[in-house]
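Below is one structure, written out as structure tokens; comments come after it.
The values are calculated or read from the model by the stated rules, or taken from the named source; none is laboratory data. These numbers come from a predicted model, not from an experiment. Reconstructed Cβ throughout: ideal geometry from the backbone, glycine too, with neighbour counts over all protein chains shown. Please note that ligands, DNA and RNA were not included when accessible areas were found on the heavy atoms of the full protein model with its side chains. Shrake-Rupley method; radii C 1.70, N 1.55, O 1.52, S 1.80 Å.
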Amino acid sequence: MLDNSFGIIPIRLHRGNLEYLLIQHQVGHWGFPKGHKNAGESDADTARREFMEETGLKLEKVYEERSFDERYSFVGRGEHVDKTVRYFVGLVADGEMKVQEIEIKNAAWLPYQAAMERLDYPEAKRILKSASTEFISKLNPAELS
């Protein structure tokens, strides 16, 4: 079975330092907010909606010009699943986080190295590294503040 989801790699500039928002899913692993498409939604619209539903936060900007695909396989309900998650980098507006407790156990804003250490899966670490080096590091710092 093929399964596609869409998500956000959330970033913010906090006290002059770039931070990434990671969420701990109810099943225990740390990653990024993501979810499935509703009828008629674009990839980026799905990522925006899922981010806002899961965190209660708003996005100032979603960088749709570049996405990062995470691929992995697992067995769920006795069926082999090939999963692809397309992530967009999203600049998060200031605001109070209110996690969707049915799906999210915890959330944390972390600098790059701490985020890399907190992520549980190698594919998630690869996505963060790619997004950071190939895209985020090239953003104009004035755009982030």
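Over every pair of different alpha-carbon atoms in the chain, take the mean of 1/r and invert it; report that Kirkwood radius in Å. Before the final figure, lay out the partial values.
Working: mean 1/r = 0.0649 Å⁻¹.
Result for the chain stands at 15.4 Å.
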Return, ordered by residue number, the residues of segment 43-58 whose backbone nitrogen is under 15 Å from a label point located 7 Å along Cα→Cβ of Lys98. 52-58
Solvent accessible area, Å² - Met116, 1.4 Å probe, full protein context: 30 Å²
So which lysines pass the test for Lys105, namely a Cα distance under 19 Å, with those fewer than 8 places away in the same chain ruled out? Lys34
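So which trypsin sites (Lys or Arg not before Pro) in segment 96-142 end up in coil per DSSP with only 14 or fewer other C-beta atoms within 10 Å? If you can, show how the numbers build up before the last one.
Working: sites: Lys98, Lys105, Arg118, Lys125, Arg126, Lys129, Lys138; in loops: Lys98.
Passing sites in segment 96-142 are Lys98.
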Compute the acute angle (0 to 90°) between the alpha-carbon long axis of helix 43-55 and the principal axis of greatest extent of the alpha-carbon atoms of the chain; round to the nearest 10°. 80 degrees
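For the chain, give the percent of accessible area contributed by carbon and sulfur heavy atoms, probe 1.4 Å, rounded to a whole number.
48 percent
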Each label sits 7 Å from Cα toward the beta-carbon; between Glu41 and Asn140 the label points are separated, in nm, by 3.1 nm
Of Thr46, Phe88, Ile102, which is farthest towards the positive pole of the chain's charge dipole, taken about the Cα centre with +1 and -1 on the beta-carbons of Lys, Arg and Asp, Glu respectively? Phe88
How high is the relative contact order of the chain, in percent, counting Cα pairs under 8 Å that sit 6 or more residues apart? 32 percent
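How would you order 34-44, 12-22 from highest to lowest mean count of nearby Cβ atoms within 10 Å? Display every interim value, and only then the final one.
Details: 34-44: 13.4, 12-22: 15.7.
Order by mean packing, descending: 12-22, 34-44.
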Residue-normalised value, i.e. accessible area per residue, for segment 35-92 at 1.4 Å probe, in Å², stands at 53 Å²
